[in-house]
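Structure record follows, encoded as structure tokens.
Readers should treat all values here as calculations from the given coordinates under stated rules, not as data from a laboratory. Keep in mind that what you see is a predicted model, and the values were worked out from it rather than measured. In this analysis, Cβ positions are derived from the backbone assuming ideal geometry, glycine residues included, and neighbour counts consider all displayed protein chains.
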Amino acid sequence: MTSPVTRVAIVGAGPAGFFAAEALLKSGDPVAIDLINRLPAPYGLVRDGVAPDHQAIKSVARVYAKILARDQVRYFGNVTLGKDISVDDLRTRYDQIVYAVGAQSARRLGIPGEDLSGSHAAFEFVAWYNAHPDFRNAYFDLDCEHVVVIGNGNVAIDVARILVLSRDRLAKTDIADHALEPLRDCRVKRVTLLGRRGPAQASFTNPELREFGRLEGVCAEVDGAELELDAASEAEIEGNAVKTRNMATLRGYAESGCGDGERVVRFRFLVSPVEVVGEGGRVTGVRIERNRLVAQEDGYVRAEGTGEMEVVPCGMVIRSVGYRGARLPGVPFDERRGIVPNEGGRVVGVGGRGDAGGAEGEAGARGVGVVPGEYVVGWAKRGPSGVIGTNKADAAATVALMREDLEAGGGGGSRGGGAKGRREAVGRRRQDGDLADLLRERGVRWVDGEGWGRMDALETTRGRAEGRPRVKFCTVVEMLGAAGR
């Protein structure tokens, strides 16, 4: 007897969603996958987060394109969960649901002056220069010479690099047209990155750090005194190749001095922002406190303020202290951690590690603990950590649980037991109809795989004419026009 096809809805078409689809396809089980995405264009952070001058990283999109081309996969772009469709709509049409929505907002510093004019979240700045439609009309006043970037991760490094990159090099990337002109004309000459802990605890990767030593007209500046390590930091570096290389790169910058670079990127460590200071409602600087490191019993090295203060003058502040998930209507949410609460990838409802966040009627009706047939991958599962490739193993682990639940009769299931339960689920799906039929009834204009193919071809054609990888469409209206009917 032929095994029934498992219908899976994946909400979110970024790296985590595509890697989940890939793992499902590789499982060998009969599966039909619908990728549902809020924006018309897929690929998530590969399109909207990776820096425009890092095209090699974006090449993973070729893998995603092959997944989209599979007969078992359909794409529904420009469809918003909570507006166009509900979680209940998905529950009655699919055996299993996977939430792959990433982290859609920025963490806050929680210090005075954070909301002054000229103080921005890195999340917004990155989305603006990467042509994310939600930030098409954001404004960043680049008429200043000094910018402070708060954070010591790859996003902070990307922001600093984009601010000092040569204007000719920027013009050869797929940076948003609305960002290209302001960045070409910006007066920024100095960017200071602030790290709360020491260089051994910085989370950037070495290729990104090392790149500052090769940028035309740019000098990397480090105070050698801030590179001195305590015993705990020395132990943290030992055996860690990335951190060892980072320390070597930073020491090289400190020893070589700043030279004649027109633009300077300075790395500072062991300092915490305590206030964004301003005048007339606008940023004029950042008050920082010097820190010392204190080793904890569990080996974690904590930063502790010393009371020694100074003000770093600047005209703009970009806060790069992490991303945070946002609540989805009808989906459990852990407000403290900013993730969909889960046990290894199985979504947890009321009474589990988190709350239902407004979905108590639905989740509560099914009892406490694991929500049957619902799963989570990527940043929505574990928080904003790792690189794009990290999502591959993460998704595979969740998919392994999904297969395990199906075999045990707990798929989407579990609304029924074993093969009988799965056949009943298929019967309900047919009764409720296909997602495409539902969207037509509601007048939702979605972008399918062919529509994305047309949009993609137009962007790359426009880019080819200008010697660029692509020229992106920056509004939903433009995207829908390019996708056609």
Return, in residue-number order, each cysteine of the chain whose C-beta is not under 4.7 Å from any other cysteine's C-beta.
-> C144, C186, C314, C474
Hey, what did the chain get for relative contact order, percent, Cα under 8 Å, at least 6 apart?
-> 20
When we measure straight from the Cα of K392, which aspartates and glutamates land under 17 angstrom away, once same-chain ones fewer than 8 places off are left out?
-> E22
Given the pairs K66/K172; K26/K381; K66/K472; K172/K472; K172/K243; K26/K472, which span a C-alpha to C-alpha distance of over 24 angstrom in this model?
-> K66/K172; K172/K243; K26/K472
In the chain, with Lys and Arg counted as +1 and Asp and Glu as -1 at Cβ, which of these residues, G322, P341, I288, has the Cα nearest the positive end of the dipole, that is, farthest along it?
-> P341
Consider a paramagnetic label point 7 Å from the Cα of T460 along Cα→Cβ; state which residues of the stretch 37-59 have an amide N under 14 Å from it.
-> 58-59
Segment R169-Q55, length gained on full extension (0.36 nm per residue, minus Cα span) | 39.8 nm
If you line up the long axis of helix 154-164 against the longest principal axis of the chain, both from Cα atoms, how many degrees apart are they, to the nearest 10?
-> 50
Please determine, in degrees from 0 to 90 and to the nearest 10, the orientation of helix 241-256 with respect to the longest principal axis defined by the Cα atoms of the chain, where the helix direction is its Cα long axis.
-> 30
Residue separation times 0.36 nm, minus the C-alpha to C-alpha distance between R282 and R184: what's the value?
-> 33.0 nm
